[in-house]
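The structure under discussion appears below in the form of structure tokens.
All of the numbers you see were taken from the coordinates with simple rules; none came from a lab. Predicted model, so just to flag it, every value in this text is computed and none were measured. Cβ: placed from backbone, ideal geometry, glycine included. Neighbour counts: every protein chain shown.
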Amino acid sequence: MSCPKTEHILQEYFADDLAPLASEEIERHLAQCPICSAELNALLQTRDALAGWQDSQVPHWDRGMELFRREHQAPRTENSWFSSWQWLPTGASLAMLCVLLLNTSVTVSGSSVSIEFGDSDNADISANLADFQQQQQQELQSIIARFEERQDNNNIQLLQAVVAQTQQATADNLDRIYTYFEEQRQQDMETMRVSYQQLVDSDYATIQSLQDLAQFVSFQSNVQ
Amino acid sequence: MSFIDEDEALIAAALNGSAFAWEKLVKRYESKIYNHGLRLMGNSSDAMDLMQEVFLGVYRNLHRFRGDAKFSSWIFRIAHNKAVDLNRRKRILATGGSSDDEGPDLDRYPDEHGDEPESRMQEQQQNGQILSMLTQLPFDQRLIVELKIYQSQTFEEIAEMQDISVNTAKTRFYTALRKLKTVSEETHVLP
Ligand SMILES: [Zn+2]
């Protein structure tokens, strides 16, 4: 006992999108053909049984961490004392991100920059981004001026990029900004590493270059 | 902060050397990839091999990932290609045999025996039954079932990925489903 249409009907039944006419034809045939409808039920049951799969736990493995560390972190262990410095530029970057994301006010007094977090309990972040205030932009500009005084080219670029991105004020830019921060951090680290290396390489560690380094670090701390 | 694509942020950080970001990225996908491998390869040790190859491929090509497609589609495409590869290698190794009669390696599945909670036992029993059904299918049919049922792809996407026509994909899925139906009826009749 079989129906010549079964294959066609059921194959089309599982298609993704059917023209209304075709699906009407299928429904009509299924309603009047017990062979096809019984077969369909069996197939649907089979499909449901397969869908009952519950994800099995992944056996323990190292997630490629050893490989990753081997290829990325070799230099860090050589200068281990240096690693405590690496987050200072990131601190500055994160502070700037807070300025952008939260209703934050920035005040510049004397030689330090202080950042206060405004009322951001239920801050709708994208809304805040959209009406990023002129005033804050001016404050950013004044920070830029201070940075220029200190002739810190890296950070001027960073801030200018932030301001430029914010004028477009689309949330889509945020991850690009984040990536930029991360790149910036890497560059800062590299600059620091090179400075340190130069210091170590030279037989005479002059007081001047030590002061330069110390100034750079304390400057970053101030911003943080 | 749902507007930031977390995968992409993790990728950017991993590319910059953050091991933490890499691990987080792996953790997000390892279960999906492992279970995908389990259904396709039929046993846990091949599924582990496949998963490790997939993540190695992801790691080696991470810098090539451009945000055009979603990361999840990208990684599953890698997984698909690696599964086809691994299956081909296995067939060549299996003394040049042309059949897909390996059968599920139920000794190896579930991986850990012992005092498992009951829900876990049931889950493993259920998955075990599904696996013994799936492994009755030729590999190309198993792939279609995987993509259609477990990854909810359209026949068009499947056709594109496998370089076959949409009609072939539909026919293959229907054939696979019919075969699975027969297999499950047989196993249900037997105690
Ligand atoms: Zn019929």
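The Cα trace of segment B:121-191 gives Rg and Dmax of 13.3, 41 Å, the first to one decimal, the second as a whole number. Partners of B:K32 within straight-line reach, counting lysines whose Cα lies under 17 Å from its Cα and excluding those fewer than 8 residues away in the same chain: B:K24, B:K70, B:K82, B:K148.
Its Cα gyration tensor gives segment B:1-100 an equivalent ellipsoid; the semi-axes, largest first and in whole Å, are 30, 12, 12. Over segment B:151-191, the pair-distance histogram of Cα-Cα distances with 10 Å bins from zero comes to 29, 37, 22, 12, 0 percent, rounded to whole numbers. When A:E12, B:E8 are sorted by how many other C-beta atoms sit within 10 angstrom of their C-beta, beginning with the fewest, the order is A:E12, B:E8.
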